[in-house]
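Single-structure report; data block below.
The values are calculated or read from the model by the stated rules, or taken from the named source; none is laboratory data. None of these values were measured; they are calculated from a predicted model. Neighbour counts run over all protein chains shown; Cβ positions are idealised from the backbone, glycine included. Quick note on the areas: whole protein, heavy atoms, side chains included, nothing else; ligands and nucleic acids left out. Shrake-Rupley method; radii C 1.70, N 1.55, O 1.52, S 1.80 Å.
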Amino acid sequence: MSSLLIDNIGSLVTNDPALGEGTLGLVPDAALVVEDGRVAWAGPRSRVPEGAARERFDAGGRAVIPGFVDSHAHLVFAGDRTAEFEARMSGRPYTAGGIRTTVAATRAAGDDALRANLRRLVSEALRSGTTTIECKSGYGLTVEDEARSLRLAAEHTAEVTYLGAHVVPPEYAGDPDAYVALVSGAMLDACAPHARWIDVFCDRGAFDGDQTRAILTAGKERGLVPRVHAGQLGPGPGVAIAVELGAASADHVTHLSDADVEALASGDTVATLLPGAEFSTRSRYPDARRLLDAGATVALAADCNPGSSYTTNIPFCVALAVRDMNMTPGEAVWAATMGGARALRRTDVGHLAPGARADVVLLDAPSHVHLSYRPGVPMVARVWKAGEPVVA
C-alpha cells in the first residue's frame, strides 16, 4: 500500500465545510494523508493519526488546493488563428465564423499531428494545476472526423463530449436542416460509443432552439448527457433548453434573462463561465455575482480553443473572474475545482475530503488568494494526480 503525508501545509482548501472554515473547508496549519491514490485523512497537522504514512512531504507552510477541474475544452484541432486574433484586437468583432478555418485545418491533419497537439495542451494544463479535463470534438464536422476526434480525446480523458453541432460546415451552408439530420443520425451513431456527453452551440451563427432541442434529444436517446453552449454572443433559448433537458451545464451564459437566472438557480444545471473567451474577444464578461446571489451553481473553465480562448491556464481564469466577474477569490477557486466537478457530475474530484481522488496542487504561496492577488505569476509548485507526483 502506498501512503504519503503532505505535512506543514500553511493553508489547506478541502472544499468540505465539515473539515474546515466556510465553503472552502479551509484548514490552517494542516496536513493531508494519501493512501493508494485517495485522500485518507485531512485536518490540522496537530491531529495527524499516528503512523499515518510511510513517506512525508514537507509543504513548507505553503497552500494546498484540489486539482482544477476544467469542464470545457476544445483540444482536438489543427491550424493557427493568430491573424484572426490580431485583427480582432484591431477592432474587428468576434462572430464565431473562424471555427470553419479550424475545421479545414483539422480535416487535413493526420492523427499523429492531432494527437501531438492534444498531448501538448493536456500537459500544459497539468503544469498549471488542471488534473481533470473535459474535451470536445467539433472541428471535424464529418462523420469520420468527429469520430476520430473523440477517439483521440478519449486517450487523455474520460470526459469526452460530442460537439458535431458546433457550426454548420460550408458544404451544408445551403441546407442546414440536412446537417442537423446528419448530426442527429449517422454522425451520432458513429460518435456515441466514444463519448459521455453531447453539446450544441446554441447561438446566432450556429444552431437555433429547435435544432438544439432536436440534437440533444437524439443524444439523450443514445445515452449521452447534454451540455449546451448558451448565450455567448447574445440572448437566446440555450439556457431554457439546457434546464428543460436536464443538461449538466450551460456554458458561457454571458447574456442571461431574469428567467434564465431563475431557471439555473432552481435546477441542477451548472452555469459554467469562461472568462478566457471574453478576454480574447474583448466582449462583455458574465456577471457571476448575479448567478451566485440567486443561488446558481457556478463553474469556471478555460474554454481552450484556437479561436476565442487559446489558454489552458485556470489560474489566469480565476484572476479574471475575481477582477472582472464580481467573484471573491474563494468563490473563484471553488468554481474552478468543486464547481467544475459538479459540471461533470463527478463526486471523486474537486475536493480533498477523505475518499476523494488525491488530485493535489501545492501553490508557491501561503494562500489560495494569491492565485488572483498575483495574476500571471506561476503559482503551481507541485501537482499530484491520484496520489502520484506528475509536476514537480
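Scanning region 318-358 for residues that are closer than 16 Å to residue 17 by Cα, free of Cβ contacts under 8 Å to residues at least 60 places away in the same chain and touching a helix residue (DSSP H, G or I) at 6+ places or on another chain (Cβ under 6 Å) gives no hits. Among the conditions (1) outside any loop (DSSP other than H, G, I, E, B); (2) at pLDDT 90 or above; (3) open to solvent by less than 70 Å² (accessible area, probe 1.4 Å), residue 84 misses just one, which is (2). No other residue among 95, 14 is hydroxyl-bearing (Ser, Thr, Tyr), in a loop (DSSP other than H, G, I, E, B) and modelled with pLDDT of 95 or more apart from 14.
The rows are residues; the columns are (1) at pLDDT 95 or above; (2) of a type in the set (A, V, I, L, M); (3) closer than 22 Å to residue 88 by Cβ.
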| position | (1), (2), (3) |
| --- | --- |
| 196 | yes, no, no |
| 219 | yes, no, no |
| 225 | yes, yes, no |
| 256 | yes, yes, no |
| 272 | yes, no, no |
| 282 | no, no, yes |
| 285 | yes, no, yes |
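Can you say whether residue 283 is of a type in the set (S, T, N, Q) and open to solvent by 10 Å² or more (accessible area, probe 1.4 Å), as far as the supplied structure shows?
Details: of a type in the set (S, T, N, Q): yes; open to solvent by 10 Å² or more (accessible area, probe 1.4 Å): yes.
The answer is yes for residue 283.
The residues of region 26-43 that are in a strand (DSSP E or B) and open to solvent by 40 Å² or more (accessible area, probe 1.4 Å), listed by number, are 26, 28, 29, 35, 38, 40, 41. Of the residues making up region 72-90, those that are touching a Lys or Arg at 6+ places or on another chain (Cβ under 9 Å) and over 17 Å from residue 118 (Cβ atoms) are 84, 88, 89. Remark: pairs (first residue in region 147-175, within 17 Å of residue 186 (Cβ to Cβ) and touching a residue at least 12 places away in the same chain (Cβ under 8 Å); second residue among the basic types (Lys, Arg) and open to solvent by 60 Å² or more (accessible area, probe 1.4 Å); Cβ separation under 9 Å; 6+ apart in sequence or on different chains) = 162/196; 169/100. For residue 298, state whether it is crowded, with 18+ Cβ neighbours inside 10 Å and within 29 Å of residue 8 (Cα to Cα). No, not satisfied. Checking 281, 328, 311 one by one, the residue that is closer than 25 Å to residue 42 by Cα and of a type in the set (S, T, N, Q) is 328 and no other.
Taking each residue of region 182-200 that is among the acidic types (Asp, Glu) and looking for partners that are open to solvent by 30 Å² or more (accessible area, probe 1.4 Å) with beta-carbon atoms closer than 9 Å, six or more apart or interchain, yields 189/143; 189/222.
Looking at the structure I just gave you, is residue 303 surrounded by fewer than 21 Cβ atoms within 10 Å (Cβ to Cβ) and at pLDDT 95 or above? Please lay out each step first, then the result.
Numbers: surrounded by fewer than 21 Cβ atoms within 10 Å (Cβ to Cβ): no; at pLDDT 95 or above: yes.
So residue 303 fails the test.
Conditions (1) of a type outside the set (A, V, I, L, M); (2) open to solvent by 70 Å² or more (accessible area, probe 1.4 Å); (3) more than 26 Å from residue 140 (Cβ to Cβ), marked per residue:
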{"site": "48", "(1), (2), (3)": "no, no, yes"}
{"site": "55", "(1), (2), (3)": "yes, yes, yes"}
{"site": "61", "(1), (2), (3)": "yes, no, yes"}
{"site": "68", "(1), (2), (3)": "yes, no, yes"}
{"site": "72", "(1), (2), (3)": "yes, no, no"}
{"site": "78", "(1), (2), (3)": "no, no, no"}
{"site": "91", "(1), (2), (3)": "yes, no, yes"}
{"site": "100", "(1), (2), (3)": "yes, yes, no"}
{"site": "108", "(1), (2), (3)": "no, yes, no"}
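Exactly one residue among 361, 383, 349 is modelled with pLDDT of 95 or more, open to solvent by less than 30 Å² (accessible area, probe 1.4 Å), closer than 20 Å to residue 322 by Cβ and of a type in the set (Val, Ile, Thr), and that residue is 361.
Checked against (1) touching a Pro at 6+ places or on another chain (Cβ under 8 Å); (2) open to solvent by 10 Å² or more (accessible area, probe 1.4 Å); (3) assigned to a strand (DSSP E or B), residue 23 meets all criteria but (3).
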